[in-house]
1. Is region A:4-74 rounded, prolate or oblate when judged by the Cα gyration tensor, a ≥ b ≥ c being the square roots of its eigenvalues, rounded requiring a/c under 1.5 and prolate requiring a/b larger than b/c?
2. Which whole number gives the average count of other chain Cβ atoms within 10 Å of the Cβ atoms across peptide B:60-67?
3. Report, as an integer, the average count of C-beta atoms from other chains found within 10 Å of each Cβ along A:144-150.
4. Taking 0.36 nm per residue of separation and subtracting the Cα-Cα distance, what length does fully extending A:ALA173 through A:GLU23 add?
5. For A:LEU52 and A:VAL140 in one chain, what is 0.36 nm times their gap in residues minus the Cα-Cα distance, to one decimal in nm?
6. Would you mind checking which residues have amide H under 5 Å from A:ILE131's amide H? H placed 1.01 Å from N; only 5 or more apart, or other chain.
7. What is the calculated FRET efficiency for B:THR26 to A:ARG96, with r their C-beta to C-beta distance and R₀ = 56 Å, to the nearest 0.05?
8. Taking the Cβ of B:GLY67 as the centre, find all other residues whose Cβ is under 9 Å away and add up their charges (Lys, Arg: +1; Asp, Glu: -1).
Amino acid sequence: MKPFEEAWTAWLDDQLTGRELSEFLASLPDKPAAEAEKAEAKRLGGLLRRELSAHSMTNEEFFSHQLREKITQETPKPTRAGARQTVTSTWWSIPRLLCTGAVSLAIFLIFTVAVMRERNPAEESQYLSQILNARVDPVVSPNATVSIFEVKQDRVTVLWTEGLQSLPADYAAK
Amino acid sequence: MDRSLALVIAVTLIMTVASASQAAETVWSGLVMAENVAQPQPIPPELTRIEGSLKRFFGYNQFQVIGQSQKLLRTGQEDWLATSKFFGLHVDARGESHAGYVLNLKLYKEKELLLETEAKLSKRSPLVIKGPQVGGGQLLLVLVVQ
């Protein structure tokens, strides 16, 4: 004998006949409710069969094919005009950036050069020591000359004298 | 609150130290004998920063200090003397500016004035004066703001 659930399912599918059907119907506690439930199940089954069969796929290839078709339909084909438009928009954005950068750089350089030119003389005069004037006693060293070197690289200023009176080595004493 | 107070104190200290260091600076002035010798002595520490320049300009391999003076300048109006046995360098500071000091320099051989010059000594730039030939060497006058 089939268990109740199995017999219930078979009854819903109209698979019970003869003695099995009569025994099952006798075992139902509320026959009208069971009949109503069976009718509802049949109606739902019919609905599901109807709806699902419309979207059923036969195989994977068909599904993939359908999918590719869909993608192809939805992707717009690039026309010559469209391509030109795309290129044009890219061409405009990059040159604009380049132009902006170049102009900014040029302005920066102009101002930098201007400021440096203005500041350099003052900075150098502050940076290096300066000889304002120099005088050698013409009586003691009549042929003496003086010249000035400013070595910016070494930050040293040199007053260079020539023709001063030469002295013996004794004068090197501490 | 504590952080702000600490910051204010730190800034004040830095400014105080900075202004103090600006107000008082030391000028080193030296009479230097430059010579070429077989075994040169190490250069004095005061001349280390300009060693390369001295050797390149004057062509000597030994520089020895025969007289020197270190003067702490507070007003920029001080004067001082650096002397050796025969030479004397009189330095008369005649004012301080942001760039340095205006100095009147007089080189004496005993009591005889050999050279007089007026210079603006920058705080970042040493001043070197080529003096007379002494024996096989050369007398140099060097002034450096330390």
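Every number in this text was worked out from the coordinates using simple rules, so none of it is lab data. Predicted, not measured: the structure shown is a model, and the values here were computed from it. Note that each Cβ is placed from the backbone with ideal geometry, even for glycine, and that neighbours are counted across all protein chains shown.
1. Prolate shape, in that a/c is at least 1.5 and a/b is the bigger ratio.
2. The mean count of partner-chain Cβ atoms within 10 Å per residue comes to 1.
3. That works out to 2 on average.
4. 39.6 nm
5. 19.1 nm
6. Amide H neighbours of A:ILE131, under 5 Å, 5+ apart: B:LYS120.
7. Values: r = 59 Å, r/R0 = 1.06.
In this case the efficiency is close to 0.40.
8. +2
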